[in-house]
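I have placed the structure first, in the form of structure tokens, so that the comments after it can refer back to it.
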Amino acid sequence: MIPLTQRVGGKLAIAVAICLFFGGAHAYAGESEITIDNFTFSPPELTVKVGSTVTWKNHDDIPHTVVSAGKFRSKTMDTDGSFSFTFTAAGSYTYFCSLHPHMTGMIKVE
Amino acid sequence: MSDHDHNDEGGKDTGISRRRVLECMTWAGTGVLWTISGGVPRSLGLVDSAVAAQPAGLSFLQISDSHVGFDKPANPNAIGTLEEAIGRIKAMPIKPSFMIHTGDITHLSKAAEFDQAERIISQAKLDVHYVPGEHDFLDEEVKLYRERYGRGAKGAGWYSFDANGVHLIGLVNVVDLKAGGLGNLGAEQLEWLEADLRGRSRSTPIVVFAHIPLWTVYPAWGWGTEDGARALEYVKGFGSVTVLNGHIHQVMQKVEGNVTFHTARSTAFPQPAPGTAPSPGPMKVADDKLRALLGVASINFKPGDQRLAIIDTPLQG
């Protein structure tokens, strides 16, 4: 077994590497993906530029949705199902799964 | 199990500990009959002797979370295990008065799934009183459940009825869920509930059933109902109250005063005990263990002495 701290450290190193790869930018236009694993949106908060498309992909064995009141509402995503939304206006978009409302996330568009 | 404080407010831990959660559960083992008397559950013995001593009163069944359409590794054949459960019901020596289904009839609210569920469940040849789970409202127009089961019901599908002097109330706590929250009954349903109970004799045994637990089981996994406490306020003055739920795919029981809370097993797949897994998703167990974790519940009233017995019977084991 690898100690937890070591594994977390490894993940951190990868995250740092990714940040360096993207030049440390906080926001980038284009395509972003949010995965759903274990009833959790990952990353739970994401910053993108106006015009970016975000795709949610469900890896759980249970269906999920993403709903942002008055902004967007996905159909039910079964296992391996996905939903994409293009953000054309700046702002903070909080969203949740309407089936499992304890699952929440946020997209910051700037 | 004692009637202790389940909120753990006096504890040193900031969150609910796993040990505490386990203390709050009664794992009804194979063939154990729980009798509720004076708010304290007692184990009386094995199912066989209990069934033999079954009083002539109201006896009904609860099935839950059949998830017709589910075919993932936790149980690739959820239809097969539902058929097994119905087969066991058909083989019962004493025919129950009716059956309740506490939701998640289907996995994805497809018409074919509802049809399949009906085809299998109807073989029990019992009246079935349904309440919806969140998996039953997934169709685009949110109409399939209501067309099939919502006739005569109020709002999103709540209703009440009487049987052998027992007042049964089916509630819906899976619609209009709020971000970050739990199950939800809503103001309209709560008003209806208050009116439904008004003027009723306090000695009337009350059974409340809904999909998501009306008591707070484990909020981190959404296992509770935001405004469930308000519904419980309306029923707590009654001498005998039984709250039957599904959703969490395992047996849990808690007693608070005159109120007994109980959750039924699923007929489709088990879910982990609170906090024992990264998420409440379907739990894959060894094939030969699956049927010990699926099953149905039977609920027996012996009118007059306010005793209620709940027997959880697994499909196997």
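Quick check on B:Arg265: is it surrounded by fewer than 21 Cβ atoms within 10 Å (Cβ to Cβ) and not hydrophobic (A, V, I, L, M, F, W, C)? Before you say what the answer is, go through the steps one by one.
Values: surrounded by fewer than 21 Cβ atoms within 10 Å (Cβ to Cβ): no; not hydrophobic (A, V, I, L, M, F, W, C): yes.
It is false that B:Arg265 is surrounded by fewer than 21 Cβ atoms within 10 Å (Cβ to Cβ) and not hydrophobic (A, V, I, L, M, F, W, C).
Counting only residues that are closer than 25 Å to A:Asp78 by Cβ and surrounded by fewer than 17 Cβ atoms within 10 Å (Cβ to Cβ), segment B:280-314 holds 3 of them.
Being within 14 Å of chain B (Cβ to nearest Cβ), modelled with pLDDT of 95 or more and either farther than 30 Å from B:His67 by Cα or touching a Phe, Trp or Tyr at 6+ places or on another chain (Cβ under 8 Å) (or both) narrows it down to one residue among A:Phe85, A:Phe39; which is it?
Details: A:Phe85 fails: within 14 Å of chain B (Cβ to nearest Cβ).
After ruling out the rest, the residue left standing is A:Phe39.
The residues in segment A:60-79 that are at the interface with chain B (Cβ under 10 Å from one of its Cβ atoms) and in a loop (DSSP other than H, G, I, E, B) can be counted, and the count is 10. Taken together, the residues in segment B:57-78 that are more than 14 Å from chain A (Cβ to nearest Cβ) and of a type in the set (Phe, Trp, Tyr) amount to 1. For segment B:195-221, name all the residues that are over 11 Å from B:Phe261 (Cα atoms) and either surrounded by 24 or more Cβ atoms within 10 Å (Cβ to Cβ) or touching a Cys at 6+ places or on another chain (Cβ under 7 Å) (or both). If the condition is that a residue be over 11 Å from B:Phe261 (Cα atoms) and either surrounded by 24 or more Cβ atoms within 10 Å (Cβ to Cβ) or touching a Cys at 6+ places or on another chain (Cβ under 7 Å) (or both), then B:Ile206, B:Ala210, B:His211, B:Ile212 are the ones that fit. Kindly establish whether B:Val174 is within 16 Å of the chain's Cα centre (by Cα), β-branched (Val, Ile, Thr) and either surrounded by fewer than 22 Cβ atoms within 10 Å (Cβ to Cβ) or within 14 Å of chain A (Cβ to nearest Cβ) (or both). Taking the combined requirement at face value, the residue satisfies it.
Can you spot a residue in segment B:271-292 that is of a type in the set (Gly, Ala, Ser) and touching a His at 6+ places or on another chain (Cβ under 6 Å)? Show your work before the answer.
Applying the first criterion (of a type in the set (Gly, Ala, Ser)) to segment B:271-292 yields B:273, B:275, B:277, B:279, B:281, B:286, B:292.
Cutting the leftovers down to touching a His at 6+ places or on another chain (Cβ under 6 Å) gives us none.
There is no residue in segment B:271-292 that is of a type in the set (Gly, Ala, Ser) and touching a His at 6+ places or on another chain (Cβ under 6 Å).
On inspection, B:Thr276 does not qualify as surrounded by fewer than 23 Cβ atoms within 10 Å (Cβ to Cβ), among the polar types (S, T, N, Q), away from every other protein chain (no Cβ under 14 Å) and in contact with a helix residue (DSSP H, G or I) (Cβ under 8 Å, 6 or more places away or on another chain).
Going by the conditions given, is B:His167 in contact with a helix residue (DSSP H, G or I) (Cβ under 9 Å, 6 or more places away or on another chain), within 14 Å of another protein chain (Cβ to nearest Cβ) and closer than 23 Å to B:Leu61 by Cα? Talk me through it step by step, then tell me what you get.
On the way: in contact with a helix residue (DSSP H, G or I) (Cβ under 9 Å, 6 or more places away or on another chain): yes; within 14 Å of another protein chain (Cβ to nearest Cβ): no; closer than 23 Å to B:Leu61 by Cα: yes.
For B:His167, the condition - in contact with a helix residue (DSSP H, G or I) (Cβ under 9 Å, 6 or more places away or on another chain), within 14 Å of another protein chain (Cβ to nearest Cβ) and closer than 23 Å to B:Leu61 by Cα - is not met.
Do we find a residue being acidic (Asp, Glu), over 20 Å from the mean Cα position of the chain (by Cα) and outside any strand (DSSP E or B) anywhere in segment B:80-91? So far as segment B:80-91 goes, no, none of its residues is acidic (Asp, Glu), over 20 Å from the mean Cα position of the chain (by Cα) and outside any strand (DSSP E or B). Please work out if B:Ser109 is on the phi > 0 side of the Ramachandran plot, surrounded by 18 or more Cβ atoms within 10 Å (Cβ to Cβ) and among the hydroxyl-bearing types (Ser, Thr, Tyr). Against the criterion (on the phi > 0 side of the Ramachandran plot, surrounded by 18 or more Cβ atoms within 10 Å (Cβ to Cβ) and among the hydroxyl-bearing types (Ser, Thr, Tyr)), B:Ser109 qualifies.
Taking into account only those residues within segment B:177-188 that are touching a residue at least 24 places away in the same chain (Cβ under 8 Å) and not in a helix (DSSP H, G or I), which is farthest from the chain's Cα centre (by Cα)? Spell out how you get there, then give the answer.
Filtering segment B:177-188 down to residues touching a residue at least 24 places away in the same chain (Cβ under 8 Å) leaves B:177-178, B:181-186, B:188.
From the residues that got through so far, the ones that are not in a helix (DSSP H, G or I) too are B:177-178, B:181-186.
Numbers: B:Leu177: 19, B:Lys178: 22, B:Gly181: 20, B:Leu182: 17, B:Gly183: 14, B:Asn184: 16, B:Leu185: 16, B:Gly186: 20 Å.
Looking at residues that are touching a residue at least 24 places away in the same chain (Cβ under 8 Å) and not in a helix (DSSP H, G or I), I get B:Lys178.
Is it true that B:Glu191 is farther than 24 Å from B:Met99 by Cα, without any contact (Cβ under 8 Å) to a residue 12 or more places away in the chain and over 16 Å from the mean Cα position of the chain (by Cα)? Spelling it out, B:Glu191 is indeed farther than 24 Å from B:Met99 by Cα, without any contact (Cβ under 8 Å) to a residue 12 or more places away in the chain and over 16 Å from the mean Cα position of the chain (by Cα).
Residues in segment B:135-148 that are surrounded by 20 or more Cβ atoms within 10 Å (Cβ to Cβ) and outside any loop (DSSP other than H, G, I, E, B): B:His135, B:Asp136, B:Leu144, B:Tyr145.
Checked against (1) part of a strand (DSSP E or B); (2) polar (S, T, N, Q); (3) modelled with pLDDT of 95 or more, B:Thr267 meets all criteria but (1). Of note, B:Val128 does not satisfy the criterion of being within 19 Å of A:Pro101 (Cα to Cα) and either within 19 Å of the chain's Cα centre (by Cα) or loosely packed, with under 15 Cβ neighbours inside 10 Å (or both). The residues of segment B:149-171 that are surrounded by fewer than 17 Cβ atoms within 10 Å (Cβ to Cβ) and touching a strand residue (DSSP E or B) at 6+ places or on another chain (Cβ under 9 Å), listed by number, are B:Gly152, B:Phe161, B:Asp162, B:Ala163, B:Asn164, B:Gly165.
Annotation: B:Gly186 fulfils all but one of (1) at pLDDT 95 or above; (2) surrounded by fewer than 23 Cβ atoms within 10 Å (Cβ to Cβ); (3) more than 14 Å from chain A (Cβ to nearest Cβ); the unmet one is (3).
The values are calculated or read from the model by the stated rules, or taken from the named source; none is laboratory data. These figures come from a predicted structure and were not determined experimentally. Heads up, the Cβs are rebuilt from the backbone with ideal geometry, glycines too, and the neighbour counts pull from every protein chain shown.
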